[in-house]
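Contents: one structure, followed by commentary.
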Amino acid sequence: MSFPNKRLRRLRRTPALRRLVAETRLSVDDLVAPLFIREGIETPVPIPSLSGVKQHTRESLINEVKELNSIGIPGIILFGIPEQKDSHGSQAWDPNGIVQLALQDCREAIGEDMVLIADLCVDEYTDHGHCGIIGEDGTVNNDQTIEIYGKIAQAQARAGADIVAPSGMMDGQVRAIRNALDEENFEETSILSYSAKYASGLYGPFRDAVDVTIADGGDRKTYQQDWRNGREALAEIRADIEEGADMIMIKPAIPYLDVLSKARQITDLPIAAYHVSGEYAMIKAAANQNLIDERIVALEHLTAIKRAGADFILTYLAREIAEVL
Ligand code: PBG
């Protein structure tokens, strides 16, 4: 007698059984909402490329943070859009730079109830749109850039950031930032490093959101990762951990679940994944044409990211999904 064993099917029979044996659970605790704060606007500005997402004023940002807190979202990551851009991105570390002001506002409004993460990069602040300083040879100069990252980290910590998140993929950035923070006694400020960040085509909507165009049709392929490489991501992650990262990040998420899963095997530190603007925009666009059920695909994406090994997810879906959960 050779009956097939139907054990696996039996456990899928009812929603309650499926709930009981689910291996992965997506919770509101897993979600970090990316928020945009823009200097010099009177009312929030909708971002056409990211439906449902806005550039906030200082006032509307505070309200948004309070609302996210009330639905249980544990953290936000802030991106700034300054009025003035220059070659060095000096608004990124100016004490009156828009992100520094917004961090202070949020801290005052919400106390310690929300984790405040500051994206740490200069691309939103430079007139050429690169994530670093352009050296004499016309290319991004790694070492000059990480010195500036240290100054930005200090300014963000001073303004109240719990976590600084360097996203520029410069070598040695984590060590430079850790040293700069410790020098000013910000030993409690954590570093979430965008360790494995790919030169992805999925950042398009974000660049519209932050008003960034890379000069002369340039790209970030000399500092962000080549999407053909997986092992290289592990080398990047190991380097960041060795330099003192408290948490690491993989970005984007869905095309790099293999990297996430391998990262999970080499570190016990918290791992974040960034479900980026293009991943969000693709869901919205397909749903708009009734090609997919938005809510189901959103849950499927975010759950898959957790299943692959992420501890938390930066996502523009945070608010909608928190409401569903
Ligand atoms: C760089 C930065 C980018 C994103 C987050 N931080 C853009 C880039 O590298 O060009 C993209 C996020 C997204 O697409 O949602 N400061």
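3J(HN,Hα) along the stretch 258-274: 5, 5, 4, 5, 6, 4, 4, 6, 9, 9, 9, 5, x, 10, 9, 10, 9 Hz, from the Karplus curve 6.51 cos²θ - 1.76 cosθ + 1.60 with θ = phi - 60°, whole Hz, x for Gly and Pro. In terms of packing, defined here as the mean over residues of other Cβ atoms within 10 angstrom, the peptides 109-116, 279-286 line up highest first as 279-286, 109-116. GNM on the chain, alpha-carbon springs under 10 angstrom: the most fluctuating residue among Arg25, Arg158, Arg264 is Arg25. Extending 7 Å from the Cα toward the beta-carbon at both Glu108 and Arg307 defines two label points whose distance is 4.6 nm. In the structure shown, the pairs Lys221/Lys251; Lys197/Lys221; Lys54/Lys284; Lys151/Lys251 are assessed against 18 Å; a Cα-Cα span above that value is assigned to Lys151/Lys251. Among the aspartates and glutamates, which have Cα under 13 Å from the Cα of Lys66 when same-chain residues fewer than 8 positions away are ignored? Candidates past the 8-residue exclusion: Asp105, Glu108, Glu112, Asp113. Ordering Leu257, Leu291 from the fewest to the most neighbouring beta carbons within 10 Å gives Leu291, Leu257. For Asn63 and Asp86, the FRET efficiency from 1/(1 + (r/R0)^6), where r spans their Cβ atoms and R0 equals 25 Å, is about 0.20. Along the stretch 51-65 the Karplus relation, 6.51 cos²θ - 1.76 cosθ + 1.60 evaluated at θ = phi - 60°, assigns HN-Hα couplings of 4, x, 10, 10, 8, 8, 8, 4, 5, 5, 5, 4, 4, 4, 5 Hz to successive residues, with x for each Gly and Pro. Note that the chain carries a Kirkwood radius of 20.4 Å, evaluated over its alpha carbons pair by pair. Taking amide H as placed 1.01 Å from N in the peptide plane, Ser195 has its amide H under 5 Å from the amide H of Met249, each at least 5 places away in sequence or on another chain. Figure legend: label point modelled 7 angstrom from the Cα of Ile266 along Cα→Cβ; residues of the stretch 173-209 with amide N under 13 Å from it are 195-197. For the stretch 95-190, the convex hull spanned by the alpha carbon atoms encloses 92 Å³ per residue. Compared with the alpha-carbon gap, the fully stretched path from Thr24 to Asp246 is longer by 77.5 nm at 0.36 nm per residue. Each residue of the stretch 285-301 is assigned a 3J(HN,Hα), and the resulting list reads 5, 5, 5, 4, 9, 6, 8, 9, 8, 3, 5, 5, 5, 4, 5, 5, 4 Hz, derived from the Karplus form 6.51 cos²θ - 1.76 cosθ + 1.60 (θ = phi - 60°), x at Gly and Pro. Close amide-amide hydrogen proximity is noted between Ile134 and Asn141, each under 5 Å apart and 5 or more residues distant or on a separate chain (H modeled in the peptide plane; Pro and chain starts excluded). Between Asp226 and Leu8, full extension at 0.36 nm per residue minus the direct alpha carbon distance yields a gain of 74.5 nm.
All of the numbers you see were taken from the coordinates with simple rules; none came from a lab. Fair warning: this is a prediction, and the values are worked out from it, not measured in the lab. Neighbour counts run over all protein chains shown; Cβ positions are idealised from the backbone, glycine included.
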